[in-house]
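K.L.:
Handing you a structure now.
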Amino acid sequence: MTTKTAMQQIEELITEMPLPVLKDVQRRLTDWASSGGKEDDPYVEQQLRYMKHVRHAQHAGK
């Protein structure tokens, strides 16, 4: 069984995100990567948690 990386999970959540959230996460990850960040850094996990919270809030509001 292969465990998905945080970046792979982020890619799967993209279609469920409102545009402002998507733009924010994209900007943050782009800035982070340009400063030397790696895909397995905890910062990517933090962005994934944020996106999961947004998804949960969207589903709770329905």
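K.L.:
Roughly how many Å² is the accessible area per residue of the chain, as a whole number, for a 1.4 Å probe?
P.N.:
Values: 4650 Å² over 62 residues.
Heavy-atom SASA per residue in the chain reads 75 Å².
K.L.:
Let me ask another. Starting from the Cα gyration tensor of the chain, multiply each eigenvalue by 5, take the square root, and state the resulting semi-axes largest first in whole Å.
P.N.:
21, 15, 9
K.L.:
Another question, if that's okay. Rounded to the nearest 500, what is the 222 nm mean residue ellipticity of the chain from helices alone, with -39500 (n - 2.57) per DSSP H run of 4+ residues and division by all residues? Don't skip to the end; give the middle numbers.
P.N.:
Numbers: 3 runs with 43 residues, N = 62.
Here the helix-only value at 222 nm equals -22500 deg cm²/dmol.
K.L.:
Would you mind calculating the gained length between Glu12 and Trp32 on full extension (0.36 nm times residue separation, minus the Cα-Cα distance), in nm to one decimal?
P.N.:
Result for the pair: 5.2 nm of gain on full extension.
K.L.:
Rounding to the nearest 20 debye, state how big the charge dipole of the chain is about its Cα centre with +1 on each Lys and Arg Cβ and -1 on each Asp and Glu Cβ.
P.N.:
The calculation lands at about 260 debye.
K.L.:
With label points built 7 Å along Cα→Cβ from the Cα atoms of Leu19 and Glu45, find their separation and express it in nm.
P.N.:
Rounded to a tenth, the inter-label distance reads 3.4 nm.
K.L.:
Return the distance in nm (one decimal) between the two label points of a simple spin-label model at Lys4 and His59, each offset 7 Å from Cα along Cα→Cβ.
P.N.:
Each label point lies 7 Å from its Cα, and together they span 1.2 nm.
The values are calculated or read from the model by the stated rules, or taken from the named source; none is laboratory data. Note that this is a predicted model, so its numbers are computed, not measured. FYI the Cβ positions are ideal-geometry reconstructions off the backbone, even for glycines, and counts take in every protein chain you see. Ligands, DNA and RNA are stripped out before the accessible areas are found, and what is left, the full protein with its side chains, is counted by its heavy atoms. Shrake-Rupley method; radii C 1.70, N 1.55, O 1.52, S 1.80 Å.
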